[in-house]
1. Name, by its number, the condition in (1) crowded, with 17+ Cβ neighbours inside 10 Å; (2) in a helix (DSSP H, G or I) that does not hold for Ser340.
2. If you go through segment 234-241 one residue at a time, do you hit one that is buried (at least 22 other Cβ atoms within 10 Å of the Cβ), out of contact with any His (no Cβ under 9 Å at 6 or more places or on another chain) and modelled with pLDDT of 95 or more?
3. Looking at Thr453, Thr346, Thr440, can you tell me which residue is among the polar types (S, T, N, Q), at pLDDT 95 or above and within 21 Å of His496 (Cα to Cα)?
4. Taking the options Ala131, Ala166, name whichever one is open to solvent by 10 Å² or more (accessible area, probe 1.4 Å) and of a type in the set (A, V, I, L, M, F, W, C).
5. Suppose the filter is hydroxyl-bearing (Ser, Thr, Tyr), in a helix (DSSP H, G or I) and under 30 Å from Leu273 (Cβ atoms); does Tyr351 pass it?
6. Could you check, for segment 402-419, whether at least one of its residues is among the small types (Gly, Ala, Ser) and assigned to a helix (DSSP H, G or I)?
Amino acid sequence: MLITGGEEVWTAQADEDVWFDTVATAAPVLRAAGLQVSLNPWVTVGHADRGRVSRLGFAPMVSPYGEVATAQASFACPRWRAWLAAHYGRFAGLGLRVLWLEDDFRYHNHAPLTWGGGFEPEMLARFAELAGEPVTRAELVAAITGPPHPWRALLARTWFEAQLEAVEAVRAAVAGRAALGLMSSTLGVASVEGREWRRLLAALGPGAVHRPHYAPYTDAVGSELAWSVAMLELQRPLRPAGVEVAPEVENYPFTSWAKSDTQTWSEMVACALSGADGLLLDVVPFTAGSPDRFPAVGAMLSASRPALDFASSTVETLGVGIPWYDDTALHVHGTGDLDSLAVDPTRAARYLLGYGVPIRAGYAPLTAVFGQLARAIPDADLPRLLAGGLLLDGVAASILTERGADLGVVVHEIADRESALYAVEDGESVNQQPALARLTVGPGGRALTTIRTPDGSYWGDGMVVTTTGHGGRAIVLAATSPEDLPRSDERQARLHAAIAALVPDIPLVTGGPHLIPHAALVNGRLRVAVANGSADPAHARVSVGGDAAVAEVGGDGTVGSAESASARVSVAVDRGSAGPGGRVAVADGWAGSASAAGDGTVGPAGTGDAEADDPVGGAGADGSAGAGGGFGAERSAGGRVAGAGDGVPAGAGVGSAAAGPGEPVGSIGGDGSADSMGAPADGSVGPAGGLIADDSAGSVGGRVGRESGVGGVAGGSPGSVSPWGSGGLAGAVAGGSPGSADAWGSGGSAGSVADGSAGSVGVWGVGGSAAVSVADGSAGSAATPESGGLAGAEGGGAGAPVRATLLVPLAEPAPAVGPIPHRGWVVWEW
């Protein structure tokens, strides 16, 4: 794609002949070299004045505050519209593939104007025709920037119709000689402008192309890749069928001095994984003169191509749903300026992706709605959402309550930072949240955390899981900006546990901070790709489908019932092959798992050779769940001594400890019921940790995350068999004799045979199989060197991954061995 008159060489539309002659000369040369040629004339109404003055007599753009541009035109100017159509019509005669409308085709962001334009006398006259009365600029701005007002919708319609007329004029002038493409900005501000995406893109005509904005201009911390993944996905439903998509990797002011090759590569891979048809790159300055000045750019592109070829595919994304509505801004309660009307739909996406939870655009079995987006949900859609699964922040919960929804939680108020003393949430800071919703969970729900003041007084519930009045389930957060909360392993584990209980089949990723997933069906088969957004190398783990549980802890510290989903399975790319140092995958990734010894065995009593930093939680040599059978420092599922703050006195047995106030002790029941797991009246966790129907010792426990459930054999003898009802939690056989298994889910057996011998397979949950990785990858093992060192199994219908590929920046794709580097990706395929 050629760009004419770009940035430094833009002369306020006064040099069309020069650029026409340039393109007429260059295009045949490029086509002769086997290239298709497209053109972006760089300017429609103009990006910014920057000292330029228009000489074409266009009506100038005017800001909400009366500032007047010198080089930028009003969309309502007939002279400008006629010039634009003729301009594109002339270039269409050069046989170009696509003629692009630049992303200055917008009302906002036109420096030096505050906010942007759209308040010109010509535009106000068009508005008055719709309103049926004359309105001054000041009156209009005051009306539309507060609570919802009828004029806001009328202005949005006025603005959109002016843009639509311009597109239709350009399309008529081009007359099918080239396809038209649209470059766009963010969704929130486009909604303020009244953009109806599908109508606008359809108006471009056959062969239309969309360039979504998705990447920052300069180097950013790796965790910001979550925003890029979200932007690519959330713009997917905006496009009518058949519209080509070619995202742009922004880079300004160009070259690796502005954005590293590593970041550029990682953003390109994200684009390829999203299913894009093409990719636009800003890599050579407009003032370059010749690309020969930048040989490193060619080397970077050549090194990137293998990973892009590998990752490119047509996808159907999976994950927590994130909806968007074109008219969102019409429903927002503004605070006095146009910026306050723009809702950011990536907020929930960034919260989830940073914790290893994939997302998809639109509604899903679990749908996340944050902030004032809740005002835009159509009335007709509310019953459906309330009957399914919802993840809400405090503002969204308050808004839906105002709209009459029964969420199963009382939202007393939204308390801003300066009016309330909230400080901590179960030992973690909420001190810098701009506001919190004061929540009280209703009957049938449970509070997973509580909010407390600096002196430890109870302030409200923090994270609650409820049943709605429509029979659905909701996860409600007191935080009004959850994406900005300090992140931690504990918060991730809690979120994963809650999600797994509501929607068991969402892939969940752990193994390090900021492991950003993209989950999709590719040709009907599951693919989970994970980027490392941390500067530290990471050993990613993904659990797919199945049995999970969330333990209930009441505000008074009592342990309530746990809810069972169906068994999850996990796979990991870790320290090489499935032999020495390989691991056995279990329900939550590592709880209760054993590390394979150098000879391929699981090790004495299932402990193996776990390293100091591994939350393995294997059983002790006598088959017990570790000293005291208690939780570990990370509340691991067995095999560790309880530590301070774990909710179990140090060194105490799991079966004898009483839950402390507010402690996330986990599931466990003195009545022995594998389904209800209710706590006895005295608050004890239950005899010998007996999680099974007959209360016998020797039960195998599993856990989800790090705070829900108990794992490891609880005092059972080696080789004991533990029946577990239908679809309970999952753990590994710890301390069992070779060949022993646990009954685990309907008709199945769990486990890993302790010596890891060939053929050691146990059924996991729904007809899947689990096997210990054998050192030589021999038959019967779930992991072989050819499969990239995966330790995993079938479950939840996913089956065992057939391939794991590591994408290292600027390198050839290779079998996944070792950690994921900064901004690298690993791709599992089932």
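1. (1)
2. Taking every residue of segment 234-241 in turn, at least one turns out to be buried (at least 22 other Cβ atoms within 10 Å of the Cβ), out of contact with any His (no Cβ under 9 Å at 6 or more places or on another chain) and modelled with pLDDT of 95 or more.
3. Thr346
4. Ala131
5. Yes.
6. yes
Residues are listed down the side, and each one gets a yes or a no for (1) under 38 Å from the mean Cα position of the chain (by Cα); (2) open to solvent by 20 Å² or more (accessible area, probe 1.4 Å); (3) free of Cβ contacts under 8 Å to residues at least 40 places away in the same chain:
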{"residue": "Gly5", "(1), (2), (3)": "yes, no, yes"}
{"residue": "Gly34", "(1), (2), (3)": "no, yes, yes"}
{"residue": "Val43", "(1), (2), (3)": "yes, no, no"}
{"residue": "Gly46", "(1), (2), (3)": "yes, no, no"}
{"residue": "Phe58", "(1), (2), (3)": "no, yes, yes"}
{"residue": "Gly66", "(1), (2), (3)": "no, yes, no"}
{"residue": "Gly93", "(1), (2), (3)": "no, yes, no"}
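Condition check ((1) within 27 Å of Leu382 (Cβ to Cβ); (2) in contact with a strand residue (DSSP E or B) (Cβ under 8 Å, 6 or more places away or on another chain)) across all residues:
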| residue | (1), (2) |
| --- | --- |
| Arg417 | no, yes |
| Ala420 | no, yes |
| Glu428 | no, no |
| Gln433 | yes, yes |
| Thr450 | no, yes |
| Asp461 | yes, yes |
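The values are calculated or read from the model by the stated rules, or taken from the named source; none is laboratory data. Computed from a predicted model, the values in this text were never measured in an experiment. For neighbour counting, all protein chains shown are included, and Cβ atoms are generated from backbone atoms with ideal geometry for every residue, glycine included. Keep in mind that these areas ignore ligands, DNA and RNA; they rest on the heavy atoms of the full protein, side chains included. Shrake-Rupley method; radii C 1.70, N 1.55, O 1.52, S 1.80 Å.
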